[in-house]
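Here's the structure, in structure tokens; my notes come after.
The values are calculated or read from the model by the stated rules, or taken from the named source; none is laboratory data. Because the structure is predicted, anything quoted here is derived from the model rather than measured. Note: ideal-geometry Cβ built from the backbone for every residue, glycine included; neighbour counts use all protein chains shown. Quick note on the areas: whole protein, heavy atoms, side chains included, nothing else; ligands and nucleic acids left out. Shrake-Rupley method; radii C 1.70, N 1.55, O 1.52, S 1.80 Å.
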Amino acid sequence: MSDKNVAGSDFEPRIVAFFCNWCTYTAADLAGTARMVYAPNARVVRIMCSGRLDPQFVLAALRKGADGVLIGGCHPGDCHYQEGNYKALRRFTLLKTLLAAMGIEEERVRLEWIAASEGDKVQRVINEMTEQVRKLGPLRLEQIHQIEGSHHSAAQVGKHAVMEGAV
Amino acid sequence: MSSLDNKHNGSARVGVYICHCGINIAGKVHIQDVVDIAKKLPGVTVAKEYKFMCSDPGQEIIQEDIKKGLIDRVVVASCSPLMHEPTFRGAMAKADGNPFMFQMANIREHVSWVTKDKGLATDKSKALVAAAVARVMFHQPLTKTQVPVNPNVLIVGGGIAGIHAALTMANAGKKVYLVEREPTIGGHMAKFDKTFPTLDCSACILTPKMSAVRAHPNITLWTYSDVVGVDGFVGNFKIKVKLRPRYVIEEECVGCLECIEACIFKHGKFKDEFNVGLAKRKPIYVPFPQATPLVAVIDPETCAYFRAKCKKPCADVCEKKAIDFNQKEEIVEVDVGSIILATGFKTFDASRVARYGYGKYPNVYTSLEVERLVNAAGPTGGEVVLANGKKPKSVAIIHCVGSRDANSNKYCSKVCCMYSLKLAHLVKERTEADVYNFYIDMRTPGKGYEEFYERLLLEGINFIRGRVAEVTDWAMTPDEEEKLVIRAEDTLVGKVRRIPVDMVVLAVGMEAQPDADDVRRMFNISCSHEGWFLERHPKLAPVSTLTDGVFLAGACQGPKDIPDSVAQAGAAAAEALALIDIGHVELEPNTAFVRDEFCSGCRTCMNICPFSAIAIDTEKDTAVVNGALCKGCGTCVAACPSGALQQNLFTDEQIFHEIEGVMNYV
């Protein structure tokens, strides 16, 4: 795959997707079973519930070189664990404020509710996001913030800022 | 806490196994490239590929490597973990490995089946394998906890599927709670006169089963009731059922129906739901003579006592003093270990297809209405008559109303061709009318079904292949005066036809119940786009759901005829019985745990746990997770400000390393 530091037509965005086990991961399986072809740029990390999504995971993905992060959970009211997706939404809202303060474009981190039957939505969202991030270009987080080697502070500050408001 | 700094287990020995899945994966992924990269990953001691890892020889490859001491943890890159994770964990356990030292990389559903370019698919596979390896390095041996299974079962819906499942379970000696929201069980089948293709009498085969349900010592039947609460998990559900007041004491009523006779309304005045509006009922009624239980119901919406007071002749005439206007709604709670949902379907609302004139022309009927007309116990005593009471001389049956139509439902409702044939036969038999079937395709797969179609052809029923454009009363010739005219293209002849008839029957399709969405939320299962309850696997787990212990039977899962509903009900009962007979369930050990040394006792986790699984150890002032209550969502872990809470199988360090793995090898 192309070098992420080379902006332009051959830039291939790298997207980490956190999908909840019960709805969105199942939907991605369904997209597969139905052979719905979509952009290969998103790699899925399975978590049991979007409520497990520690904002640090998003920061770690971006720091490790992801150009975008996609979070998928069950629709409001459908959470397998009753309300984990609401917690995810609250944390996500605060995380976005933090990311904006760090100079990271809003479109790079996206939260979507995708039900187990919505394989087509997985296809659409991943395609859309890949194109969106492609337009934005590589993130180059290290160059913006010079935080290489001191991830500890960024992740820690992020987590506390988010936790205080979210819980 | 930043677990990125932690060093992984230096002595870990990972075996990586890449599956071809025939050509499902190998056709899109350069398997050897993935094996080559896997060999170079830190901690990997064995990297192999095989045609079908899930097959016995495939599993044996893993087992041999474990036994030889080459590996102590395993990554299989194949299909979704939702498909084969249990298979490989089982294989490891059999070779005395710990089944949780395992991670799957989903390179089929998430890669080979959804990626166009082979090179990109290979890259993505490498990344997912690298992530799984990075993660499995931090896996710890875990054990499953066992919890006992309550042998009682809840069945929701008393149609033929619910009835059959209930009797199967009850005959096996299990306690069954059957909940039905209508005043009687029987469902749609109770409304039919005959069943296709054998033409045996629906009531004759159904009512004995209904009586058996009522009489069975192992079945508690709650009609006129709704499930209002579901709590707990497989083997241990807590159910709340609301018993609506019927103002007649069920235990006292002997079903003499004198009360109905005595009602101040001398004739029926209100819409009779059981007869789909073709007849009128009194405020006190039984839906039909074989209703089970045969207990009268008083509808408070229409009863004069509730509106303007009444001398209650119904109560006076009842020798058993069974009528009780003070009856109140009651909530009962029961514990069950498994649940079978058999909530059925509703028929398509024909007025949504305006061009067929339902609701506009009195002689346009739905198929369900005609089922009642041909039924000897129906509003006309089995006479097929028009709105004016006369027999029709010609009848048109329009297939696929609300099915196979981009404007309503794309799917085929599966039963309409066959019941249209049945109705054509019955209408012809009763009226000697000319019967025309307008169909798109004739779909008759099933035992004896095609033969039934052949028989109808020989009986002189007319079949016209073409979707009907409209039903109109606009006459163009004297023959068409006072008639309903069917306009349709006869696609076999290749011309547009106008056929005047006296009666039109709309073969309405099946739709999910209007409240299917509320029901699935209560039982924590999923629905397809169309609203049908989603099975765990369309082929291999058609009666299970993604929620363990909740099973599906009948048309709530998708359009089905009676034999299919009964077969599925039997399958659902067998699944529930299997669960009960094992006697325990093994819970996934993905529960949360607290590392005391990091816990400050802030109680953040306690407040956000939806299952009240976290308490505070007052002596140490640290959080404690109750493993039996924890369902393993991990919400508390994400919330813990000090990283003291962790989730088994989803620890911070496992996930951080998975992220790192996924990014490093793209």
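Here are the numbers for this structure:
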read-out: Value of Rg/Rh across chain B [Cα atoms, Kirkwood radius]; value: 1.07
read-out: Reach of residue A:121 by Cα under 24 Å, taken over lysines that are not fewer than 8 positions away in the same chain; value: A:87, A:96, A:135, B:28, B:116, B:118, B:124, B:410, B:539
read-out: Set of lysines near residue B:175 by C-alpha distance (under 26 Å), chain-local residues within fewer than 8 positions excluded; value: B:209, B:238, B:240, B:242
read-out: 3J(HN,Hα) from dihedral phi, segment B:75-84, Karplus parametrisation 6.51/-1.76/1.60, rounded to Hz, x for glycine, proline; value: 10, 10, 9, 7, 8, 6, x, 5, 8, 10
read-out: Partner chain coverage, peptide A:15-26 - average Cβ within 10 angstrom; value: 4
read-out: Residue B:361 paired with residue B:271, simple spin-label distance in nm, labels 7 Å along Cα-to-beta-carbon; value: 2.3 nm
read-out: Sites residue B:200 and residue A:140 - FRET efficiency at Förster radius 60 Å, r taken between beta-carbons, to 0.05; value: 0.20
read-out: Surface accessible to a 1.4 Å probe, per residue, for the residues of the protein assembly as shown, Å²; value: 41 Å²
read-out: For segment B:440-449, 3J(HN,Hα) per residue [Karplus equation, 6.51 cos²θ - 1.76 cosθ + 1.60, θ = phi - 60°, Hz, x = Gly/Pro]; value: 8, 9, 8, 10, 10, x, x, 5, x, 6
read-out: Volume of the Cα convex hull of segment B:585-666, divided per residue and given in Å³; value: 104 Å³
read-out: Using distinct alpha-carbon pairs, which all enter the 1/r mean, Kirkwood radius of segment B:258-317 in Å; value: 11.8 Å
read-out: Along each principal axis, Cα extent of segment B:363-461, largest first, Å; value: 36, 32, 23
read-out: Cα-based equivalent ellipsoid, segment B:62-143: semi-axes from gyration tensor eigenvalues, Å; value: 25, 13, 11
read-out: Mean ellipticity per residue at 222 nm, deg cm²/dmol - from DSSP H runs of n ≥ 4 across chain B, formula -39500 (n - 2.57); value: -8000 deg cm²/dmol
read-out: Over 20 Å (Cα to Cα) - which of B:266/B:312; B:269/B:312; B:282/B:311; B:393/B:428 fall in this group; value: none
read-out: Relative contact order (%) - criterion: Cα under 8 Å, at least six apart; region: chain B; value: 14 percent
read-out: All-pairs alpha carbon distance profile, segment B:271-430, 5 Å steps from 0, percent; value: 1, 6, 12, 14, 15, 13, 11, 11, 8, 6, 2, 0
read-out: DSSP-defined antiparallel bridges as percent of all bridges, chain B, nearest 5; value: 50 percent
read-out: Listed peptides B:334-346, A:44-56, A:114-126, B:474-486 by packing density, highest first (mean Cβ within 10 Å); value: A:44-56, B:334-346, A:114-126, B:474-486
read-out: The protein assembly as shown, Rg to Rh (Cα coordinates; Rh as Kirkwood inverse mean 1/r); value: 1.04
read-out: Distance in nm between pseudo-label sites at residue B:306 and residue B:541 (7 Å out along the Cβ direction from Cα); value: 4.3 nm
read-out: Difference of contour (0.36 nm per residue) and Cα-Cα distance, residue B:574 to residue B:410; value: 55.8 nm
read-out: Reduction of at least 10 Å² in accessible surface, 1.4 Å probe, comparing all protein chains with the chain by itself, residues of segment B:63-97; value: B:80, B:81, B:82, B:85
read-out: Long-range amide H partners of residue B:394 with built H, under 5 Å; value: B:434, B:502, B:503
read-out: Loop sites in segment B:194-269: GluC sites (Glu not before Pro), DSSP, at most 13 other Cβ within 10 Å; value: B:251
read-out: Where trypsin sites (Lys or Arg not before Pro) fall in DSSP loop in segment B:258-327, at most 16 other Cβ within 10 Å; value: B:266, B:269, B:309, B:311, B:320, B:321
read-out: Area of residue B:413 that stays accessible when all protein chains are in place (1.4 Å probe, Å², to 10); value: 0 Å²
read-out: Percent carbon-and-sulfur accessible area, the protein assembly as shown, ignoring ligands, DNA and RNA, probe 1.4 Å; value: 51 percent
read-out: Rg in Å to one decimal, and Dmax rounded to a whole Å, for segment B:220-289 via C-alpha atoms; value: 16.7, 52
read-out: Translational diffusion of segment A:15-136, µm² s⁻¹ [Kirkwood Rh, Cα pairs; Stokes-Einstein; 10 °C; 1.306 mPa s]; value: 112 µm²/s
read-out: Exercise: per-residue mean of other protein chain Cβ atoms within 10 Å, B:515-528; value: 3
read-out: Area hidden from solvent between A and B (accessible, protein heavy atoms only, 1.4 Å, total, Å²); value: 5100 Å²
read-out: In sequence order, calculated HN-Hα J values of segment B:156-171 (Karplus, 6.51, -1.76, 1.60; Hz; x Gly/Pro); value: 10, x, x, x, 4, 5, x, 4, 5, 5, 4, 5, 4, 5, 5, 5
read-out: Segment B:212-255, relative contact order in percent, only Cα pairs under 8 angstrom and at least six apart counted; value: 29 percent
read-out: Three-way shape label, segment B:346-511, alpha-carbon gyration tensor, a/c 1.5; value: rounded
read-out: Intensity falloff of segment B:1-143 expressed as log10 I(q)/I(0), Debye formula with alpha-carbon point scatterers, at q = 0.21 Å⁻¹; value: -1.27
read-out: DSSP bridge pairs, the protein assembly as shown: antiparallel proportion in percent, nearest 5; value: 45 percent
